[in-house]
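Every number in this text was worked out from the coordinates using simple rules, so none of it is lab data. It should be emphasised that the depicted structure is a prediction, and the values quoted were computed from it without experimental measurement. Because the Cβ atoms are built from the backbone with ideal geometry, glycine has one as well, and the counts that use them run over all protein chains shown.
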Amino acid sequence: MATSPATAERKKVYSICGMCAVRCPIEVEVEHGRVVWIQGNPHDKGMGTSLCAKGSAGIALEYDTERPQHPMIRTGERGAGQWRRASWDEALDFIAEKLLKIIDEDGGQAIALSDRGGPFNDLTKSFLKSLGSPNYFNHDVTCGRNTHHASRSILGLGRTGTGYDIKNTKHIVLFGRNMLESFKVKEAKQLIDALDAGAKMTYIDPRATLTAAKATRYWRIRPNTEYALALALANHLIKNNLYDAEFVRHYCTGFEELVDFIQPYTPEWAEQETGVPADEIKQAAVELSQDKPHVIIHPGWMTARHRQSFYTSRMVYVLNVLLGAFEAKGGLFLVKDPGAVGKKGLKSLGADIPAPEAKRVDGAGWKLKHIDPGPGLLNLMYQAIDTGDPYPIRAYFAYRHDPLLALPDPEEQKRILAKVDLLVSIDVNYSETAWFADVILPEATYLERSNILATEKGLKPAFRVRHQAVEPLYDSRPAWWIFTELVKLVGRGEYFPYEDITDMWDHQLQGTGVKIEDFAAKGSVGLVTDPVWLDRDELPFKTPSGRIELVSSVLTEAGFPSLAPYESPPAPVPGEFRLLFGRTGVHAHGQSINNPYLNEIMPTNVLWINTAKAKELGLADGDWVEVTGHGEKATVRANVTDFIHPEAVFALHGFGRSVPAQTRAYNRGLGDHRFQKGLLLDGCPVGGGLKLTECLVKVKKAQPPAGGK
Ligand SMILES: Nc1nc2c(c(=O)[nH]1)N[C@H]1C(S)=C(S)[C@@H](COP(=O)(O)OP(=O)(O)OC[C@H]3O[C@@H](n4cnc5c(=O)[nH]c(N)nc54)[C@H](O)[C@@H]3O)O[C@H]1N2
Ligand SMILES: Nc1nc2c(c(=O)[nH]1)N[C@H]1C(S)=C(S)[C@@H](COP(=O)(O)OP(=O)(O)OC[C@H]3O[C@@H](n4cnc5c(=O)[nH]c(N)nc54)[C@H](O)[C@@H]3O)O[C@H]1N2
Ligand code: SF4
Ligand SMILES: [Mo]
């Protein structure tokens, strides 16, 4: 089956990190069949040999005995943790039998799958297509959907349709984008280089992060109000003629409406809402204007996830437009795919499979015309499972995705998931979802498997490969093999006629002129030698009008405003706080909490709380606190600090895990997702994202928990 790794005693393999979804290029050193060292791929100039803590801890994942070691089939109630070991044949037969029954009774569209998205998802999409299902989803309703749809509505390009030339920027404004902790290695390195070269950085976050510490200007904004700030910046740029009038005239529709709309949103008004001094807002606008177009207003993912996130993201894109920051050195560039540089792209595994007849169950792209049908809206799949409307979903695969942790309100999810006939988790860890599933299929880790080829889009598009470095340690198998076997077992083998990953690679490379041997030396094959910049006067925006639509025709047609009035978020009543969340440099969401190395560095989370508020509650730094809300309770230590807004408390995401088989992570810390009750089915109707920061909690001093950890 898998291509055998070379047998030399010591060798270097060029591959792709899998410890988080950033997927950095790596060099893996293998000695006598064991991974002994991982570092960045030095052939990739932007990466060099750098690697983050999580990437280094790949070795600890590899040799961790607490990862699932063989297929498992549930014997008790869902979630009861009672399992029997199964062979691959038995587990796959079990799944295929249920799939056949479901296809027979309700059609292939009753099967859904969610994954982490990204450059390998052609495999999962093609798997579903072969079963006759359009119901592919990814994680993004909890991540960047609002930003994505904001970008689509203005530029006609998704959120990954533009990139950031951080290295050459003169001023970068980060709206809650914690670039030095919630990082991509290459991007963080570029940011440090740019700062060293004299770039300015304005950082906006209710909480001072490491990125704030490096910033030229930090604004500790009132939570969920950054729409007001973005509006005030636009107001000052326009009223004082600080914007790029030529760029706006050349590209934009809807500018007059924007001018009328922003009139009331002055910096003085925004100061009342956000707590950010009006003078500083004006000063920032002037500086940005001086440095335009070599500036980046980064929309982030967060732009927090609240009621007005979509319009916040949209206004952030408007700021970039006003500053003419597109296809400019040090600004935003249009991302190039192989086609854009005159090359043939990889052939999809699904290219020759007939398209499913059924429409997407979430309505994306047909009922909801403004929603990108690509990965759809996963929360609406839950709604369909719950109601059977517009049709039933009876089987759900969670592949490299842990919805019971990554979507809010696990109890509500479990209530709904109880209605499916089949729940399968394919994972390298005992995720929360795996523990609740009917079948756990352990995937071979990223060090033990190859993946289908990936396209890297950007200034210099390339093809990349994840190369298997070592043999699978336990009875685990790569996803390409698992999905191929399942397609064959349900009698659709003609759609997946592959015996080996090399057959898939050959299929993908058809007509490209690239051979798989070309990847051996560096792990990637570049399609151009120099970065490709387009003519700034002829940028191909993909909106229906081909222009930058400040007023979006798609939104208008769908019945939504493009320029929505600001709504002030009510301040929490005394004793309540807004629960904010985010990431740390040493963990990747919940997936690494049980990793032996990373757990040692950070075994639990703490609750950030403002010093003045802590005083009112009689709390000192390091005290135990009880956090309550929505019927949930958690006890953690307090991090008492001035570096968080008084209306908010903050906890790192990913903790509060409930799988006993993960002994290091089990029951440690606060799980923010548990407090986010009622937010699963409450997506933003325009942007699609979930409003995870619309969650209030109470805090009081507590006794140490039993065991005191
Ligand atoms: N409450 C709350 N919810 C959130 C967030 C938050 O901060 N708070 N953050 C949101 C964000 S930004 C995101 S992106 C999502 C992330 O949500 P997820 O995508 O679910 O999170 P990950 O931790 O990246 O990984 C998901 C699963 O993939 C598994 N995995 C890792 N490597 C492999 C592999 O090689 N093969 C297989 N088969 N499985 C693998 C992990 O063990 C894990 O169980 O969560 C979102 N949800
Ligand atoms: N080390 C590490 N790096 C990662 C990840 C990881 O798990 N670990 N995950 C990756 C993923 S999937 C993602 S999506 C990105 C996320 O990247 P980011 O969005 O940059 O990071 P987060 O830590 O989720 O959130 C950033 C900040 O948003 C702030 N915030 C909360 N509410 C508001 C608000 O109302 N306004 C503003 N302006 N800020 C607010 C929080 O205080 C937090 O510090 O990171 C990626 N990189
Ligand atoms: S950021 Fe770290 S963990 Fe994520 S892919 Fe890059 S090296 Fe790996
Ligand atoms: Mo994310």
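Quick one: of the DSSP bridges fully inside the chain, what percent are antiparallel, nearest 5? Could you put the intermediate results ahead of the total?
Working: 45 of 88 bridges.
Among the beta bridges of the chain, antiparallel pairing accounts for roughly 50 percent.
Before rounding to the nearest 500, sum -39500 (n - 2.57) across all DSSP H runs of length at least 4 in the chain and divide by the residue total; then give [θ] at 222 nm in deg cm²/dmol.
Numbers: 23 runs with 200 residues, N = 709.
Here the helix-only value at 222 nm equals -8000 deg cm²/dmol.
Could you check what % of the DSSP bridge pairs in segment 576-708 are antiparallel, to the nearest 5?
Numbers: 16 of 26 bridges.
In segment 576-708, approximately 60 percent of DSSP beta bridges are antiparallel ones.
Working ranking of peptides 543-555, 216-228, 460-472 by packing, defined as the average number of other Cβ atoms within 10 Å per residue, highest first, is 216-228, 460-472, 543-555. What the Cα convex hull of segment 80-154 gives, in volume per residue, is 156 Å³. According to the calculation over all Cα-Cα pairs in segment 268-357, the P(r) per 10 Å bin from zero is 14, 28, 27, 18, 9, 5 %. Put simply, the amide H of LEU459, placed in the peptide plane, has neighbours under 5 Å in LYS336, leaving out anything fewer than 5 places away on its chain. Which of LYS239/LYS329; LYS11/LYS189; LYS344/LYS488; LYS125/LYS522; LYS189/LYS344; LYS54/LYS184 have a Cα-Cα distance over 20 Å? Over 20 Å Cα-Cα: LYS239/LYS329; LYS11/LYS189; LYS344/LYS488; LYS125/LYS522; LYS189/LYS344.
Each of LYS54, LYS200, LYS239 was scored by other Cβ atoms within 10 Å of its Cβ. Listed from fewest to most, they are LYS239, LYS200, LYS54.
Work out the P(r) tail for the chain: percent of alpha carbon pairs separated by more than 43 Å, whole number. Provide the component values of the computation, followed by the final result.
Working: 57258 of 250986 pairs.
Roughly 23 percent, once rounded to a whole number.
Given axes a ≥ b ≥ c from the Cα gyration tensor, I'd like to know whether segment 10-62 is rounded (a/c under 1.5), prolate (a/b larger than b/c) or oblate. It comes out oblate by the Cα gyration axes. Note on LYS700 and LYS12: their simple-model spin labels are 6.1 nm apart, each label 7 Å out from Cα toward Cβ. Between segment 586-658 and segment 369-441, what's the alpha-carbon centroid distance in Å? Rounded to whole Å, the Cα centres lie 28 Å apart.
Taking the mean number of other Cβ atoms within 10 Å as a proxy for protection, how do you rank 286-292, 446-452 from highest to lowest? Working shown, then result.
Values: 286-292: 18.6, 446-452: 24.9.
So the order, starting with the most tightly packed, is 446-452, 286-292.
Applying the Karplus relation 6.51 cos²θ - 1.76 cosθ + 1.60 with θ = phi - 60° to segment 664-673 yields 3J(HN,Hα) values of 6, 9, 3, 6, 9, x, 9, x, 4, 4 Hz, where x marks Gly and Pro.
A Förster radius of 60 Å combined with the Cβ-Cβ distance from ALA351 to VAL573 puts the calculated FRET efficiency at roughly 0.60.
Seen from ASP438, the other residues with C-beta closer than 9 Å to its C-beta sum to a net charge of +2, counting Lys and Arg as +1 and Asp and Glu as -1.
Going by a ≥ b ≥ c, the root eigenvalues of the Cα gyration tensor, does segment 576-708 fall in the rounded group (a/c under 1.5), the prolate group (a/b larger than b/c) or the oblate group?
Numbers: a/c = 1.57, a/b = 1.01, b/c = 1.55.
Verdict is oblate for segment 576-708.
Put simply, when 517-524, 271-278 are sorted by average Cβ atoms within 10 angstrom per residue, most first, you get 271-278, 517-524.
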